[in-house]
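Just below is one structure, and these are the notes that go with it.
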Amino acid sequence: MFEDSEHGGDIFLFCQYYQIPYPSHQKTHHQRPKIQRLHTNFLSMTLFGVYSEIKSEFWHGTLWGESPLLGKEEIIISEVVYKCGDFIYYYNNGRYLGRLRAILRNENDSDNQYVLRVQKTLDYDHLPGNFKGSLRQSRSHKEVWLKDEFIIIKISQLTEKANVMIGFQHQYIPEDTLQINEIIYKHNGHWCIRDAKFSYQHPADYIKLKSPPPSMKVYKLFLDLYFDDFGTYRNVYHSLGGIYLQFGNMPAYMRKQIKNHFVLGFVPFGGTFNEFIKPFVVEMKKLEQGKIMKIQGEDSWIIASLSVITADLPQGNDLTGVLRHGANKGCRTCTIKKELLTDYNQDIVAKSRYHHITNEEITKISQESVISIKNQLGTKYGLRLLPSILDQLKREKHLQTPQDIYHSTAGKIGRLLKITCELFSQEGKENFIKIWKDFEKPKKWPRLPNPINHHASFMMSDYLRIAMIIPYILYRFLKISSLKENGIIAIQQRINAPHNNLIIKSIISCWVHVAKTMKAVFNSEFTADEYNNLQKCLQDELIILSKVFASFENLPNLHVNMHLLMHAQTFGTLINTQVGIKEMVHRVFKGIVPKTNRKNIDLDLLRRYNTLFAIRHLADGGIDPRFGKSCASFTNSNFSHLFSNWYITDNKFFNKKNDNDNNVTSPVEFISNISLKRKISKQDRDNLLSCLPNFNIELQSAYDRDLGVEEALTQFYSISWYEFVSYTIEETNGTFSKIQLHLNDYITINDEDYGESYAVIKGIFRHKGNNGKYYAFIVIDWFKNINQKHSVLECPLYQIQGIGNQRWKNVFSIHMIHEVQKVHFVHNCNSECQDYYNTTNRIWIKNDYYFTAI
Ligand SMILES: [Zn+2]
Ligand SMILES: [Zn+2]
């Protein structure tokens with residue numbers, strides 16, 4: 001799959017067009033190599049696991065630090081080699097024994113010092129009292145206990161190596177060697193103990209690496225394989241599965257770009273994944289061992305491993321060798337039975353699937369020759385009779401095939417939406433639609449049809465959006481008369497409600513929990529506190545949904561709540577492993593299918609893809625070896641922007657142009673292309689100015705404060721007012737994004753005194769300064785935090801100030817805007833609201849559930 005290039009010097013990805021039987025034609029394709037060029041400048045930053053207070057990237061997760069295939073596997077201190085997985089003594093106000101889990105580069109330290117992540121151990125004397133007893137005491141001279149608790153220490157705290165062996169991993173343990181047989185952990189706030197076998201092995205226990213050739217630079221690649229099955233496509237005959245690769249070494253913003261989704265190939269309908277992936281597995285086995293390749297012209301040692309598989313629930317189970325989620329034990333992460341899937345008292349760690357235990361079960365199945373007994377064993381363990389072909393690669397498959405939050409969250413919302421709509425009486429339906437139509441939805445959303453009549457036409461991203469606003473919509477109209485009689489009775493019985501108000505409350509509360517949990521799982525950065533908050537959201541949501549609605553009981557999509565915290569910690573965040581964008585990329589390819597002659601779909605698609613990649617390669621300044629020099633006309637044209645910066649997501653990254661229609665000067669370097677459009681009416685302008693008696697003074701102070709122009713303005717007449725302004729911002733990572741700003745948009749301004757503050761745009765204008773240049777300004781109305789939370793919707797309340805309020809400044813240069821449309825406000829309606837708004841009620845709710853999903 002990877003080859004170093006003879007000519008260029010960068011890594012090239014070779015995706016063979018693998019031979020697979022094509023059932024409809026009964027013929028095979030010839031091998032056809034295709035080349036994808038990979039920029040390698042992102043590689044050098046990710047040679048180690050990184051310790052950071054804020055986790056956002058793959059290399060902040062626990063897997064990266066621990067696996068020798070990804071992180072730093074050893075460190076030499078005072079001529080002693082310490083390897084990840086070794087037991088060590090360390091000093092921390094006393095001498096302790098622990099296991100060295102990971103050697104991490106400390107991001108907070110300017111000298112890039114290493115820190116060590118250590119798992120704690122306990123000796124007999126320090127065991128919780130209920131685990132003490134004569135049996136354990138009799139072993140206490142040669143046994144210690146691992147604890148599910150970790151500590152970060154400095155290199156200087158490490159004192160020496162220790163000799164400890166984990167019992168079940170060794171047949172023979174010498175008398176004088178300490179051993180570990182059990183792990184102490186907390187479950188539901190209580191101390192528990194489990195056999196050490198029921199735990200993920202440290203990757204160093206099953207991965208041994210060859211040493212790289214001396215003084216050769218080492219690169220380790222994190223591969224993320226995404227498989228999208230045929231799905232329920234209208235015409236299944238023309239459908240195909242897609243297999244894509246991504247590099248976890250790229251930072252999250254790069255992985256979002258379409259050009260960084262690499263097509264491994266398409267599996268035509270009737271072909272199988274296993275056959276398709278065979279050659280890939282063969283090459284990956286070599287790459288796990290390390291291979292010499294050229295990187296930036298230099299011989300380098302490349303290690304690549306299949307570090308995560310991202311897929312929907314059914315495909316993910318297939319690739320893990322676990323039965324599908326309808327089976328009695330159909331979870332790929334644990335062995336909890338079907339009827340206990342949403343019982344949150346389940347002790348997850350004790351019931352998780354562990355690769356080494358699954359292997360024993362697979363061996364038992366394979367050794368059985370009677371097919372009916374084989375099947376029985378398969379059912380008993382919840383395993384397929386044949387293991388996945390990917391098992392030939394070195395990974396903890398149960399940990400490294402996480403459940404996807406995009407599908408599971410949208411699935412949950414879809415179900416709750418259906419149940420909620422079915423609960424509505426005729427009156428309820430009518431009120432819902434009425435409120436839905438007028439509701440102040442975020443402006444940059446595409447139009448959403450109402451969910452009562454158009455439920456079936458929603459896409460997954462629509463469900464995520466709906467969940468952000470439904471709590472508010474329900475709160476505005478839901479009464480007991482909005483619900484059908486039998487629905488009321490069913491919920492009443494489930495929650496044991498003495499009066500009907502509680503029923504309304506619990507329905508809204510379900511939506512509040514779903515919205516809150518959604519926001520938490522899609523968080524792009526986690527601190528230790530946010531991991532705790534995530535866990536609390538997941539747990540509360542699991543409890544309330546399965547309590548209020550029967551059809552959430554034992555729902556696999558809800559069950560994944562029990563595993564998501566672990567996945568977040570393993571991979572840094574949950575959006576690192578979500579498949580939303582990947583699914584869209586796949587949809588792009590599927591969309592091409594009807595435009596082909598449909599005889600040889602997979603081949604046609606690859607051809608298109610190859611052509612696109614070739615163009616992109618040339619546009620990036622690449623050289624076609626047949627010509628000997630780069631294609632300058634490509635590089636100089638705008639093609640490079642077309643192919644390098646486009647996203648499939650909301651971020652509309654695009655190139656910087658210099659056509660400045662109305663000559664507005666940018667006050668700062670990172671803003672360009674300022675363009676004002678659509679003049680407002682004289683009436684609107686006069687209304688606005690009548691609220692701003694001190695407009696001239698405000699404008700003068702905006703020049704002074706925002707633009708650093710202290711001299712007195714000589715003219716105030718050269719002002720034009722607009723509805724709309726757009727401009728381009730250069731982000732700190734060097735990409736460009738286009739900002740569009742309308743009247744009544746919500747913005748964020750970083751205020752020196754108040755920190756992040758919110759405002760709404762009331763006016764947009766340009767003014768000709770003393771130097772004859774035009775500058776763009778906005779008039780805003782501030783939201784003031786009144787430090788209260790809405791008791792039902794659980795979101796903070798704000799009071800709008802009213803422009804002209806003397807104590808608040810209203811006129812700002814546009815570059816003072818920090819973010820646009822990243823917040824959403826909903827009016828806190830009361831009985832006097834007409835059309836959901838009234839001028840006397842100044843209280844608004846900040847929608848904390850609002851975010852941009854992908
Ligand atoms: Zn599970
Ligand atoms: Zn209102």
Please tell me if L399 is at pLDDT 95 or above, buried (at least 21 other Cβ atoms within 10 Å of the Cβ) and of a type in the set (A, V, I, L, M).
yes
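Yes/no per residue for (1) under 30 Å from I491 (Cα atoms); (2) among the hydroxyl-bearing types (S, T, Y); (3) within 16 Å of ligand 1 (Cβ to nearest atom):
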residue	(1), (2), (3)
E525	no, no, no
Y531	no, yes, no
V560	yes, no, yes
L564	yes, no, yes
V579	no, no, no
(1) closer than 30 Å to I575 by Cα; (2) away from ligand 2 (no atom under 14 Å from the Cβ): which one isn't true of L793, the others all being true?
(2)
Determine whether E368 is of a type in the set (D, E, K, R), surrounded by fewer than 20 Cβ atoms within 10 Å (Cβ to Cβ) and within 16 Å of ligand 1 (Cβ to nearest atom).
no
Can you tell me which residues in segment 804-840 are modelled with pLDDT of 85 or more and more than 16 Å from ligand 2 (Cβ to nearest atom)?
K809, N810, V811, F812, S813, I814, H815, M816, I817, H818, K822, V823
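Residues S388, S425: which one is touching a residue at least 40 places away in the same chain (Cβ under 8 Å), hydroxyl-bearing (S, T, Y) and closer than 29 Å to I544 by Cβ? Explain how you work it out, then say what you get.
Working: S388 fails: closer than 29 Å to I544 by Cβ.
When all the criteria are applied, what remains is S425.
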State whether one or more residues within segment 297-312 are over 29 Å from L47 (Cβ atoms), within 14 Å of ligand 1 (Cβ to nearest atom) and either crowded, with 20+ Cβ neighbours inside 10 Å or at pLDDT below 95 (or both).
no
Do we have D404 as touching a Lys or Arg at 6+ places or on another chain (Cβ under 8 Å), touching a residue at least 12 places away in the same chain (Cβ under 8 Å), among the charged types (D, E, K, R) and surrounded by 15 or more Cβ atoms within 10 Å (Cβ to Cβ) here?
no
Which numbered condition I803 fails, given (1) crowded, with 18+ Cβ neighbours inside 10 Å; (2) out of contact with any Lys or Arg (no Cβ under 7 Å at 6 or more places or on another chain); (3) assigned by TED's automatic domain parsing to the domain that holds D706:
(2)
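Restricting to segment 156-173, name every residue that is more than 10 Å from Y90 (Cβ to Cβ) and among the hydrophobic types (A, V, I, L, M, F, W, C).
First, pick out the residues of segment 156-173 that are more than 10 Å from Y90 (Cβ to Cβ): 161, 163-173.
Of everything in segment 156-173, those that are more than 10 Å from Y90 (Cβ to Cβ) and among the hydrophobic types (A, V, I, L, M, F, W, C) turn out to be V164, M165, I166, F168, I173.
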Of all residues in segment 451-466, count the ones that are under 19 Å from C510 (Cα atoms) and part of a loop (DSSP other than H, G, I, E, B).
2
Return yes when I543 is surrounded by fewer than 17 Cβ atoms within 10 Å (Cβ to Cβ) and hydrophobic (A, V, I, L, M, F, W, C) and no when it is not.
yes
Look at R117 and say whether it is at pLDDT below 95, under 30 Å from A520 (Cβ atoms) and not in a loop (DSSP other than H, G, I, E, B).
no
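The values are calculated or read from the model by the stated rules, or taken from the named source; none is laboratory data. What you see is a predicted model; the values in this text were computed from it and never measured. Cβ atoms come from the backbone with ideal geometry, glycine included; neighbour counts cover every protein chain shown.
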